[in-house]
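These notes are about the structure you will find just below.
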Amino acid sequence: MPDTFSGRCLCGAVSYTCSAEPMMAGHCHCEDCRRSSGSGHCSHLGAPEESVTITGSTKAYERTSDSGNMIARHFCPNCGSALFSKNAGMPGLLFLRASSLDDLEVFKPQMHVFVARAASWDRPASDIPTFEKMPPNM
């Protein structure tokens, strides 16, 4: 793992660097992640918010999740690329979109969550742990 890693939106108006190793990384198959990703799941890296420096301005869409926590999904207001989200139930943590990484190999998935909601054409076929819902300790 490099000392820092970085990512950006499609047009380059918003970028970030992270100076910490991700605390978690996984794929989420919940309806909100599917719809916001345009695919069968969304892949995130959880990093301490204070370790992430963001350049440029984002716009956020807020929605209450199944857990009852407010999720703010941040994206580039110019090109629409999803960049990161904040979960009110996990303060101090940013969930960076793996799709926004400059080096995709930084993402090392550790789990699949909300597998009960996975589309038949996007079922997890890996050897990492799967959870029907969000694990209780998250």
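Quick notes on this one:
- Lone unmet requirement of (1) out of contact with any Ser or Thr (no Cβ under 6 Å at 6 or more places or on another chain); (2) surrounded by fewer than 22 Cβ atoms within 10 Å (Cβ to Cβ); (3) not β-branched (Val, Ile, Thr) for Ser19: (1)
- Total residues in region 95-111, condition in contact (Cβ under 8 Å) with a residue 12 or more places away in the chain and outside any loop (DSSP other than H, G, I, E, B): 9
- Every residue from region 65-94 that is exposed (fewer than 12 other Cβ atoms within 10 Å of the Cβ) and either part of a helix (DSSP H, G or I) or within 16 Å of the chain's Cα centre (by Cα) (or both): Gly80, Pro91, Gly92
- All told, His112 meets the bar of being out of contact with any Phe, Trp or Tyr (no Cβ under 6 Å at 6 or more places or on another chain), buried (at least 17 other Cβ atoms within 10 Å of the Cβ) and not aliphatic (A, V, I, L, M).
- Counting only residues that are at pLDDT 85 or above, aliphatic (A, V, I, L, M), touching a strand residue (DSSP E or B) at 6+ places or on another chain (Cβ under 8 Å) and not in a helix (DSSP H, G or I), region 112-138 holds 3 of them.
- Qualifying positions in region 27-48 - loosely packed, with under 15 Cβ neighbours inside 10 Å and either assigned to a helix (DSSP H, G or I) or of a type in the set (Phe, Trp, Tyr) (or both): Glu31, Arg35
The values are calculated or read from the model by the stated rules, or taken from the named source; none is laboratory data. Bear in mind the structure is a predicted one, so any value in this text is a computation, not a measurement. All Cβ positions, even for glycine, are placed from backbone atoms using ideal geometry, and neighbour counts span all protein chains on display.
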